[in-house]
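The values are calculated or read from the model by the stated rules, or taken from the named source; none is laboratory data. Just so it is clear, the structure is predicted and the values come from calculations on it, not from any experiment. Counting neighbours? That spans all protein chains shown, and the Cβs are built from the backbone with ideal geometry, glycine included. Surface areas here come from the heavy atoms of the whole protein model, side chains and all, with no ligands, DNA or RNA. Shrake-Rupley method; radii C 1.70, N 1.55, O 1.52, S 1.80 Å.
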Amino acid sequence: MSQVLTAESTTQQQTTEVFDALVIGAGTSGLYELYLLTQQGLNVRGIEAGSSVGGTWYWNRYPGCRLDSESFTYQYAFPDDVLATWNWKELFAGQPELESYFNEVADHYNLRANIDFNTRVASMTFDEQNNQWTVTAESGKTYIARVVVSATGLLSAPIYPQISGMETFTGESYHTGLWPDKEVTFSGKKVIVIGTGASGVQVITEIAKDVSHLTVFQRTPNWVIPLRNRPLTDDDMQRIRAGYPEMFPKLRNTWSGFLHSWDPKPTTDYTDEELRERFETAYNSPGFAKWFGLPNDIAFDDVANQKWCDFMAEKIHEIVPDPELSRLLIPNHPFGAKRVPCGTHYFELYNQDNVELLSLAEHPILEVTSTGVRTPDGDIEADMIVYATGFEAFVGALNRMDITGLGGAKLRDKWEDGPKTFLGLQVAGFPNLFLIGGPHGKGGHGNSPRCAEGSLEWMALLVGKLARNELTRVEATPEAEAEWTETVNASGMGGFMAKTKNAFFGDNVPGRKRAFLAYTGALPEFDERLRTMAQSGYPGLQITA
Ligand code: N01
């Protein structure tokens, strides 16, 4: 333990515990960082708001929640007994299987013993004299550590719509991102779902299977692609496991850690007939083969993108013969301008007599009443309202903590007009704080564990040096931060996402200033930059011995 850190002390009401390092969040990234730091023999503590591990896969326990990365590509890559013995049951695992997996990993490495569960961080303040963070939980408990890793999640700050009367509703009401750990049944009930993003698509599909009446309120239609999930047999797993040594490095060499890579041949190099066949093959393939495996010009060229949109629209018309319904379901934005959800018989369910789709543009919700919702056309009664309205992505979890850096500066004030970071990993004026899964970084994006592991390994080296007192301060320089922020902002303006309101720009949150929040560059280049930095004295970081 560093000498400058105060020893464990007990105040009148609360204990202050002292650690080498703290990791906030026990989701996919937090657990891995905790593992890396405990491997270094550090006295590290995880702090987790939930009652167990898993992060996204702990909170999003709504029916139908599942992966859209192939299960075996989403697991940790470090060699261990879990990797050798864990048999994935489905090509795209559901939430219960993922939650079990992360629990298994936590138990295998005895990580649980180093995590304070049911503990939500309220504030953290950098002590400039002692170069250490004081972290305070909502319970009042405080922690002191030289260094903090915030692995609080890209999608962990749920948002509700601002509709008057929501609190007066007397039936059941749930947000997909805060689904309770209890059985929720739909049979014989009248249910309203608001929101048709990736979560909405999944939960709507499950609710529609067993409901008296379902009303879906849609603000924007989405290009939902068929997931094409299937069970994995023992033979499948044997074959897949034999491929792990090649698979993991290969995934790290793709744009976003997925099995699928953009087809280097653009649409213009195909004849019409060949392109049709190419599209059919993609459409019938699992997962994101229908996004990141398409001819590459679909990602940036209007004409190419429109060809794929026309193909997809044709499929929707085939599935939903009612022209009025298919009109509502077909988006008028480019493919990839919003996050593309994966579904299983999603469009089909709108053919059911007990399912009604209402466009919010045509049927706005005026208010929530005690028994349902009020629209200009009349009241709709419901036993349950499900809010599938998304998250304050990238910045929400960080902004909801009161983080104070040098000179009393608040992180949320600094980020008022949009986040400023260096590589999404550090922020000038907030020394010894490392971020993963926040804005501007590669970690947490795409196939999240693959995209995050390079960043987590990179920061574990620096965290180790700080925690062992070999360094006292590490922070981004303002120049490096400004340059990276500019790079991220410029990259956002070039893509299709710039054409819609969405969580990647933060303007899905009412009142939030639009700023690009994601880093959309290639994973191998990002990881290479981190490697080069580490070998050349960490340019862009101000390091105090
Ligand atoms: O949230 P979203 P999500 N009134 O923001 C609508 C990941 N994920 O929870 O599009 C009415 O995408 C909103 O409408 P609009 C994935 O990364 C992964 O679905 O803003 N409607 C939209 O339809 C994803 O990006 C999986 O016009 C309102 C919906 O609610 C992220 O989670 C599965 C509204 C919100 O969609 C978030 O997805 C699920 C309002 N006031 C999620 N506000 C996998 O498969 C919002 N909406 C791994």
So what are the three principal axis dimensions of the range 420-462 from its Cα atoms, in whole Å, longest to shortest?
30, 22, 10
Distance in nm between Lys410 and Ser51 label points, each 7 Å along Cα→Cβ, equals 3.3 nm
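Rg to Rh for the range 434-502: what is it, with Cα atoms only and Rh by Kirkwood? Write down the numbers at each step before the final one.
Working: Rg = 15.1 Å, Rh = 14.1 Å.
Radius of gyration relative to Kirkwood radius: 1.07.
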Between Ala498 and Thr15, the FRET efficiency computed from the C-beta separation at R0 = 35 Å comes out, to the nearest 0.05, as 0.10
Starting from the Cα of Glu138, step 7 Å toward the Cβ, then list every residue of the range 182-206 with an amide N under 19 Å from that point.
182
The rounded separation in angstrom of the Cα centers of the range 460-531 and the range 31-64 is 22 Å
If you average the alpha carbon positions of the range 84-142 and of the range 299-337, how far apart do those two centres end up, in angstrom?
40 Å
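Have a look at the DSSP beta bridges in the chain and tell me what percent are antiparallel, nearest 5.
Numbers: 27 of 68 bridges.
Counting only bridges with both partners in the chain, antiparallel ones make up about 40 percent.
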Tell me the angle of helix 448-467 to the major Cα principal axis of the chain, expressed in degrees between 0 and 90 and rounded to the nearest ten.
10 degrees
Within 13 Å, Cβ to Cβ, of His333, how many net charges do the neighbouring residues add up to if Lys/Arg are +1 and Asp/Glu are -1?
+4
The chain: mean projected area of Cα convex hull, nm²:
25.8 nm²
So what does Met247 come to for accessible area, using a 1.4 Å probe and Å² rounded to 10?
20 Å²
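Test of the criteria: in the range 146-189, which trypsin sites (Lys or Arg not before Pro) are in a DSSP loop and have at most 11 other Cβ atoms within 10 angstrom of their Cβ?
On the way: sites: Arg146, Lys182, Lys189; in loops: Lys182, Lys189.
The qualifying sites are Lys182.
Please work out whether the range 177-335 counts as rounded, prolate or oblate from its C-alpha gyration tensor, where a ≥ b ≥ c are the square roots of the eigenvalues and a/c under 1.5 means rounded, while otherwise a/b larger than b/c means prolate and anything else oblate? Numbers along the way, then the final one.
Details: a/c = 2.20, a/b = 1.23, b/c = 1.80.
Judged from the Cα gyration tensor, the range 177-335 comes out oblate (a/c at least 1.5, b/c at or above a/b).
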Which of the GluC sites (Glu not before Pro) found in the range 97-189 are in a DSSP loop and have at most 15 neighbouring Cβ atoms, other than their own, within 10 Å?
Glu128, Glu138, Glu183
Tilt of helix 478-494 relative to the longest C-alpha principal axis of the chain, in degrees (0 to 90, nearest 10)?
10 degrees
With a point put 7 Å past each Cα toward its Cβ, work out how far Glu90 is from Arg327 in nm, to one decimal.
3.5 nm
Please report the relative contact order for the chain, taking Cα pairs under 8 Å with a sequence separation of at least 6, and give it as a percent rounded to a whole number.
20 percent
Please list 60-69, 389-398 highest first by mean number of surrounding beta-carbon atoms within 10 Å per residue.
389-398, 60-69
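Evaluate E = 1/(1 + (r/R0)^6) for Ala522 and Thr170, where r is the Cβ-Cβ distance and R0 equals 51 Å; express this FRET efficiency to the nearest 0.05. Each step should come with its number before you reach the end.
Values: r = 51 Å, r/R0 = 1.00.
According to the calculation, E is roughly 0.50.
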